[in-house]
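Okay, structure first, notes after.
Laboratory data are not the source of any read-out in this text; all were calculated from the coordinates shown. Quantities reported herein were computed from a predicted structural model and do not represent experimental measurements. Heads up, the Cβs are rebuilt from the backbone with ideal geometry, glycines too, and the neighbour counts pull from every protein chain shown.
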Amino acid sequence: MLESDIEKYLINAVKSIGGLVWKFVSPGTRGVPDRIVALPEGRTFYVELKKPGEKPKQLQLKRHKQLRDRGHQVYVIDSLTGVDDFLQEVTQNAG
């Protein structure tokens, strides 16, 4: 399975529950997460997508830590099941 397959699945799943999925590009800053997921009720998450079994690079881990240190949630997802688990977690904790 390719990372792009997981990304498409994430996009469709988030849209199906009324959310937005935007590509996160930060010119001049490498290693930022791939996607920003904006769900109803003001809930926003950063998502790093990987092909199955692949781990984030050191620079990506640094960026994740920078975001987490500021109170943001960052998820690393490497499977379709991971997308399902992510959505279950963030929708259960809504409100």
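Calculate the dipole size of the chain relative to its Cα centre from +1 charges on Lys and Arg beta carbons and -1 charges on Asp and Glu beta carbons; express the result in debye to the nearest 20. Intermediate values should be presented prior to the final figure.
Working: 15 positive and 12 negative charges, 102 e Å.
Approximately 500 debye in magnitude.
Taking Cα pairs under 8 Å and at least six residues apart, what relative contact order does the chain come out at, in percent? Don't skip to the end; give the middle numbers.
On the way: 131 pairs, mean separation 25.8, N = 95.
Relative contact order for the chain comes out at 27 percent.
Scaled to the compact-protein estimate 2.2 N^0.38 Å, what is the alpha-carbon radius of gyration of the range 1-71, rounded to two decimal places? Mind showing how you got there, number by number?
Details: Rg = 12.7 Å, N = 71, 2.2 N^0.38 = 11.1 Å.
Normalised Rg, Cα atoms only: 1.14.
Holding the Cα-Cα limit at 23 Å, pick out from 8/62; 23/55; 8/65 the pairs that are longer than that.
Checking Cα-Cα distances, 8/62; 8/65 exceed 23 Å.
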